[in-house]
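K.L.:
Before anything else, here's the structure in question.
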Amino acid sequence: MVVHVIFHSVYGHVWKLAEAIAEGARQVPKATVELFQVQEILSPEVLAKMGATDAKKAFAHIPLADPHKLADADAIFLGSGTRYGSNTASMQAFLDATGGLWQTGALVGKVGSAFTSTASQHGGQETTLVRMHTFFFHQGLVVAGCPYAAQELLTMSEMSGGSPYGASTITGPRGERMPSENELAIARFQGKFVAGIASKIAAK
């Protein structure tokens, strides 16, 4: 059973969630978990002006995702930062390259799940997750989120991302806040939960 965790990250926040998702998925017996990042469409010059160059180097070792290889996976996780309530242009460019998979129905019956980050508590996390869910629906995937069985979703003693739509983190306006342990725990739960569903479907 193969799990693909695919992300776009500028400052490393979504990458950290992706690592936690993968950690959770690896808890499912016989799960082969592969981590990929999508091709960055912003130029090095623009990234430098954004102060993202060093952050990008931290996960430069993660291989690039190939949209044509999505069909190899039983479960597909997509992670993207939020841009005005939707996923980033880099993630969208990746999704736009999957038309051939749609034409052949190559992703029908697989399991899809999403995760995200925003600068503020109400910065469009849920709309971004649902936006990625629509891609799954159009491709015929079974969409799974993160149920309230993840007790960390009910944490009220601290600021935290995470919703039944998927794991998330709040970065702060300058990207100064990295994912908390509570947020990483939600991501790990989601990884294990979704990979478990995919494992059951693959076994049939």
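K.L.:
Which strands (runs of 3 or more DSSP E) does the range 1-115 wholly contain that include 2 or more residues that are in contact with a Ser or Thr (Cβ under 6 Å, 6 or more places away or on another chain)? Please lay out each step first, then the result.
P.N.:
Working: elements: 2-8, 32-37, 75-83.
Filter on the range 1-115 gives 2-8, 75-83.
K.L.:
Scan (1) under 16 Å from the mean Cα position of the chain (by Cα); (2) surrounded by fewer than 20 Cβ atoms within 10 Å (Cβ to Cβ); (3) within 19 Å of ALA195 (Cβ to Cβ); (4) not β-branched (Val, Ile, Thr) for the single condition GLN92 breaks and write down its number.
P.N.:
Looking at each condition in turn, GLN92 falls short on (3).
K.L.:
Does the range 164-174 contain at least one residue that is surrounded by 17 or more Cβ atoms within 10 Å (Cβ to Cβ), aliphatic (A, V, I, L, M) and part of a loop (DSSP other than H, G, I, E, B)? Lay out the reasoning, then the answer.
P.N.:
Taking the range 164-174 as the starting set, the residues that turn out to be surrounded by 17 or more Cβ atoms within 10 Å (Cβ to Cβ) are 165-171.
Those left that are additionally aliphatic (A, V, I, L, M): 167, 170.
If we keep only those that are part of a loop (DSSP other than H, G, I, E, B) too, we end up with 167.
Yes, the range 164-174 has at least one match.
K.L.:
Any residue in the range 62-74 that is touching a residue at least 60 places away in the same chain (Cβ under 8 Å) sitting within a Cβ distance under 7 Å of a residue that is surrounded by 15 or more Cβ atoms within 10 Å (Cβ to Cβ) and among the charged types (D, E, K, R)? List the pairs, counting only those 6 or more apart or interchain.
P.N.:
Sorted first by the residue in the range 62-74, then by its partner, the pairs are ALA73/LYS110; ASP74/LYS110.
K.L.:
Condition (residue is touching a residue at least 12 places away in the same chain (Cβ under 8 Å), among the aromatic types (Phe, Trp, Tyr) and in contact with a Cys (Cβ under 8 Å, 6 or more places away or on another chain)) applied to the range 186-195: is it met by at least one residue? Before you say what the answer is, go through the steps one by one.
P.N.:
Residues of the range 186-195 touching a residue at least 12 places away in the same chain (Cβ under 8 Å): 186-195.
Going one step further and asking which of them are among the aromatic types (Phe, Trp, Tyr), we end up with 189, 193.
From what's left, in contact with a Cys (Cβ under 8 Å, 6 or more places away or on another chain): 189, 193.
Yes; the residues of the range 186-195 include at least one that is touching a residue at least 12 places away in the same chain (Cβ under 8 Å), among the aromatic types (Phe, Trp, Tyr) and in contact with a Cys (Cβ under 8 Å, 6 or more places away or on another chain).
K.L.:
Can you pull out every residue in the range 158-185 that is under 17 Å from VAL5 (Cα atoms) and out of contact with any strand residue (DSSP E or B) (no Cβ under 7 Å at 6 or more places or on another chain)?
P.N.:
Correct list: TYR165, LEU184, ALA185.
K.L.:
May I pose another question? Quick test of your reading of the structure: ARG83 fulfils all but one of (1) at pLDDT below 95; (2) surrounded by fewer than 15 Cβ atoms within 10 Å (Cβ to Cβ); (3) closer than 16 Å to VAL38 by Cβ. Name the failing condition by number.
P.N.:
(2)
The values are calculated or read from the model by the stated rules, or taken from the named source; none is laboratory data. This structure is a prediction, so every number in the text was calculated from the model and none was measured. FYI the Cβ positions are ideal-geometry reconstructions off the backbone, even for glycines, and counts take in every protein chain you see.
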